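Asks: A single structure is presented below for examination.
Read-outs: derived from the displayed coordinates by stated rules, not from any lab. These figures come from a predicted structure and were not determined experimentally. When we count neighbours, we look across all protein chains shown, and the Cβ atoms used for this are built from the backbone with ideal geometry, even at glycine.
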Amino acid sequence: MADRPLIAVEDLKKVYRMGGVDVPALRGITMSVESGEFLAVLGPSGSGKSTLFHIIGGLTPPTSGKVVIDGRNLGLLSDSERTELRKTMVGFVFQKFNLLPTLSASENIEIARHIAGNTAGNDESLKDALDILGVAHRLNHKPYALSGGEQQRVAIARAIVNKPRILLADEPTGNLDSQNSAAVLDTLKKLNRSLGQTVLMITHNAEAAEYCTDRILRMKDGRIA
Amino acid sequence: MINRLVIRNLFHRPVRTGLTILAVALEVMMILMMVGVSEGLLRESQRRTRGVGADILIRPQISGATITSADISEKLPEVLMQRFPEISFAMGSTVFTPGDLQTITGIDWPELERMSGGIVVFEGRPYAADYECVIDEVYAQQKQLGVGGKTVLMNHEFEVSGIIETGKMSRIFIPLETMRELQGWQGKFSQIYVKLEDSEQARGVIDRLKALLPNLSVISVEDFLALAATNIRQMSDQFVNVIISLALVIGFIVVLLAMYTAILERTREIGILKALGASKTYIVGVVMRETVVICLFGILLGYGLSFLGRAAVAARFPLVPVILLPEWMVWAALLAVVGSVIGALYPAWKAAEADPIEALAYE
């Protein structure tokens, strides 16, 4: 059990059918991620890294190949089982923050707990995480009243509130200036180092990848380069 | 938490939410007012017939409740009183129904007073001349007529001689002989009212009257009212059903469009919820809760508008009584909820089936 990787990907392929034409997005990816690791997947646009992110996150099924997360083969999961996986195993951080605009920062975090069926009061680990994220004083604000960096840190808080085994971050600094980018990368690094959070970050920014991760995986044209 | 999301979503687009609530309210109001008018007219008609104080009615054998002729001999009331010791009093009336559904009754005033046990005259006096009429207070209010006022009945001008309490047979009375002359009904009655010494004897007297008058319909007043109610309901129910169906379709379409627009606008947010692990049931739950909240406010507003509508009708059209029936307030609410929930099914299904990746990419 201990020597099994948290994420094991084997010959993963994904083909999208667009206008009657098959477009391969992933052409046979094999990789693994250990528990507690901070891995960056680096590649240019169209390299297939977002598709890899979506499959590992259970947002879409693979066309062929195998993705095993914590012993569970995603290819064998039904739609509702993949929904359950997103609820319990994975937390997402998106480039565009994707906070619900009608809810305050704290409610955005709270709704993730509610969806996961975690309706107990605030727990200590959430408070610790909020301290690390540095957004505890901004929780009553709506997203439009927060800076991009603050929104992204709220999104990170929302992603980790249910203590997922994996934090998936898709271009988390893509919409941020350099100062806020550094703050968000520092946050992810702290979560990884202090709380042992496994992080899989997708980026096209080599500098960002090198700044905080344990390992970098380069992708090109749907393959590991 | 889900309730907070629902409320925030509804307040996010206040105009759309408000208009949808208004549509549901109008749906509820349409149902309550239609049923209310139908029931009000029926009960008012029953009250006036009961107000005559008769036990038995003798009428031509016609299928409906409305009489448009006078074929019964004027001798009949006297003959009946002579032959049936159980009958304390019998009298006849002539009835004319113009196009506006208000019946004009030709009657001998002292006889009506005797039959009904007295009539309260608020203003003026009973008619004393051929072209005088007596009207009830509601008709007077509706037509803004006072004593001495002129009104055209059966193409002739009549002067109002008195205004009486409502609930006695008819709203408009003219002298019996005047109507006979105008209609060519000399020596005839349209129907006969019979009052018994003891109402308990009605069944036996009716049987004997039926044997004596095989070509006429002899019926107790209570049976007549029940029969008339059934006839009126059969007619009005069709109309009411059309209005209810129309109201349901309007509610359904408005809710469908409102929720569909909301879902389309919130595509990205639905993608976010799905990424967070929200199940299809959870997404459907959010949409349905929004619909039910809209519906509840719509129902409450609909009740309020119905009471306002009733007051407005009472002020503007006193001849049209509106009775807001409690059981129909429940029915209208249920119909509104059912129509709205059905209207929200497609948007909810569309939201639940949304592909999270496509939804998250939605701009």
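Asks: Counting each DSSP H run of 4 or more residues in chain B as -39500 (n - 2.57), what helix-only mean residue ellipticity at 222 nm follows after dividing by all residues, to the nearest 500 deg cm²/dmol? Before the final figure, lay out the partial values.
Replies: Working: 12 runs with 216 residues, N = 363.
Rounded to the nearest 500, the figure is -20000 deg cm²/dmol.
Asks: Follow-up question, since we're still on this one. Taking 0.36 nm per residue of separation and subtracting the Cα-Cα distance, what length does fully extending residue B:201 through residue B:83 add? Mind dumping the intermediate values first?
Replies: On the way: separation 118, 0.36 × 118 = 42.48 nm, distance 1.50 nm.
Going from the current span to full extension adds 41.0 nm.
Asks: Go through the stretch B:294-300 residue by residue and turn each phi into a ³J(HN,Hα) via Karplus (6.51, -1.76, 1.60, θ = phi - 60°); whole Hz please, and just put x for glycine and proline.
Replies: 4, 4, 4, 5, x, 5, 4
Asks: Okay, moving on. Taking the beta-carbon count within 10 Å as an exposure proxy, list A:83, B:17 from fewest neighbours to most. Walk me through the intermediate numbers first.
Replies: On the way: A:83 23, B:17 19.
Going from sparsest to densest Cβ surroundings: B:17, A:83.
Asks: Moving on. For residue A:142, which aspartates and glutamates qualify as cross-link partners when the Cα separation must be under 20 Å and same-chain residues fewer than eight apart are set aside?
Replies: Within reach: A:107, A:110, A:131, A:150, B:265, B:269, B:363.
Asks: Within a 10 angstrom radius of each residue's Cβ in B:8-16, how many Cβ atoms of other chains show up on average? Whole number is fine. Let's see the in-between values first.
Replies: Working: counts 7, 3, 1, 1, 2, 1, 0, 0, 0.
Counting other chains' Cβ atoms within 10 Å and averaging over B:8-16 gives 2.
Asks: Do you know the relative contact order of chain A, to the nearest whole percent, from alpha carbon pairs under 8 angstrom that are 6+ apart? Working shown, then result.
Replies: Values: 432 pairs, mean separation 69.9, N = 225.
Across chain A, relative contact order equals 31 percent.
Asks: On to the next question. Can you list the HN-Hα couplings for the stretch B:228-236, worked out from phi with the Karplus curve (6.51, -1.76, 1.60; θ = phi - 60°), rounded to whole Hz and with x for Gly and Pro?
Replies: 4, 4, 4, 4, 5, 5, 4, 6, 6
Asks: Give, as ranges by residue number, the residues of the stretch B:251-265 whose backbone N falls under 13 Å from the point 7 Å along Cα→Cβ of residue B:346.
Replies: Zone members listed by number: B:252-261.
Asks: What FRET efficiency comes out for residue B:230 versus residue B:50 if R0 is 22 angstrom and r is the Cβ-Cβ distance? Round to the nearest 0.05. Mind showing how you got there, number by number?
Replies: Details: r = 17 Å, r/R0 = 0.76.
Computed FRET efficiency for residue B:230 and residue B:50 comes out at 0.85.
Asks: Now for a different question. Summing -39500 (n - 2.57) over the DSSP H runs of n ≥ 4 in chain A and dividing by its residue number, what mean residue ellipticity at 222 nm do you reach, to the nearest 500 deg cm²/dmol? All intermediate terms of the calculation are to be shown ahead of the outcome.
Replies: Values: 7 runs with 77 residues, N = 225.
Value at 222 nm, helices only: -10500 deg cm²/dmol.
Asks: Among A:147, A:33, B:5, whose Cα lies farthest out toward the positive end of the dipole of the protein assembly as shown, if unit charges sit on the beta carbon of Lys, Arg (+1) and Asp, Glu (-1)?
Replies: It is A:33, whose Cα lies furthest towards the positive end.
Asks: Related question: Considering amide H positions built from the backbone, and no H for Pro or chain starts, which residues 5 or more places from residue A:30, or on another chain, come under 5 Å of its amide H?
Replies: Amide H neighbours of residue A:30, under 5 Å, 5+ apart: A:11, A:12, A:224.
Asks: Still on this model: Between B:294, B:272, B:323, where does the largest GNM mean-square fluctuation fall for chain B, given springs only between Cα atoms within less than 10 Å?
Replies: Highest fluctuation among the options: B:272.
Asks: Counting only other chains, and only Cβ atoms inside 10 Å, what mean value do you get across the residues of A:109-116? Could you put the intermediate results ahead of the total?
Replies: On the way: counts 0, 3, 8, 7, 2, 7, 9, 3.
Counting Cβ atoms of other protein chains within 10 Å of each residue's Cβ and averaging gives 5.
Asks: Whole-Hz ³J(HN,Hα) for each residue in the stretch A:178-190, computed from phi via Karplus 6.51 cos²θ - 1.76 cosθ + 1.60 with θ = phi - 60°, x for glycine and proline: what do you get?
Replies: Residue by residue, the stretch A:178-190 yields 5, 5, 5, 4, 4, 5, 5, 5, 4, 4, 4, 5, 4 Hz.
Asks: Please compute, for peptide B:275-286, the average count of beta-carbon atoms on other protein chains lying within 10 Å of each residue's beta-carbon. Show your work: numbers first, answer last.
Replies: Details: counts 13, 19, 18, 8, 7, 3, 2, 4, 0, 0, 0, 0.
The per-residue average across the peptide is 6.
Asks: Ok, one more. Can you list the trypsin sites (Lys or Arg not before Pro) in the stretch B:1-79 that are in a DSSP coil and have 13 or fewer other beta carbons within 10 angstrom? Write out the running numbers ahead of the final one.
Replies: On the way: sites: B:4, B:8, B:16, B:43, B:47, B:48, B:50, B:75; in loops: B:75.
The qualifying sites are B:75.
Asks: Once amide H atoms are placed 1.01 Å from N in the peptide plane, what residues at a sequence separation of 5 or more from residue A:167, or on another chain, have their amide H within under 5 Å of its amide H?
Replies: Excluding prolines and chain starts, which carry no amide H, the hits are A:91, A:198, A:199, A:200.
Asks: Note down the magnitude of the dipole of chain B about its Cα centre, charges +1 on Lys and Arg C-beta and -1 on Asp and Glu C-beta and zero elsewhere, to the nearest 20 debye. Don't skip to the end; give the middle numbers.
Replies: Details: 32 positive and 37 negative charges, 268 e Å.
Computed charge dipole of chain B: roughly 1280 debye.
Asks: In what order do B:151, B:230, A:173 fall by count of nearby beta-carbon atoms within 10 Å, going from fewest to most? If you can, show how the numbers build up before the last one.
Replies: On the way: B:151 16, B:230 11, A:173 25.
Fewest-to-most Cβ neighbours within 10 Å comes out as B:230, B:151, A:173.
Asks: Also, I was wondering about something else. Excluding residue B:147 itself, calculate the net charge of residues whose Cβ lies under 14 Å from the Cβ of residue B:147, where each Lys or Arg counts +1 and each Asp or Glu counts -1. Mind showing how you got there, number by number?
Replies: On the way: positive: B:125, B:143, B:150; negative: B:123, B:132, B:136, B:137, B:159.
Summing Lys and Arg as +1 and Asp and Glu as -1 gives -2.
Asks: If each residue of separation counts as 0.36 nm, what is the full-extension length gain between residue B:61 and residue B:316 once their alpha-carbon separation is subtracted? Could you put the intermediate results ahead of the total?
Replies: Numbers: separation 255, 0.36 × 255 = 91.80 nm, distance 3.72 nm.
Residue separation times 0.36 nm, minus the Cα-Cα distance, leaves 88.1 nm.
Asks: Of B:170, B:199, B:187, whose Cα points farthest to the positive end of the dipole of the stretch B:150-228 (charges on the beta-carbon: +1 Lys, Arg; -1 Asp, Glu; origin at the Cα centre)?
Replies: Going by the Cα projections, it comes out as B:187.
Asks: Moving to a separate point now. Lys pairs in the stretch B:62-214, Cα-Cα under 28 Å, at least 8 apart or on separate chains: how many?
Replies: 12
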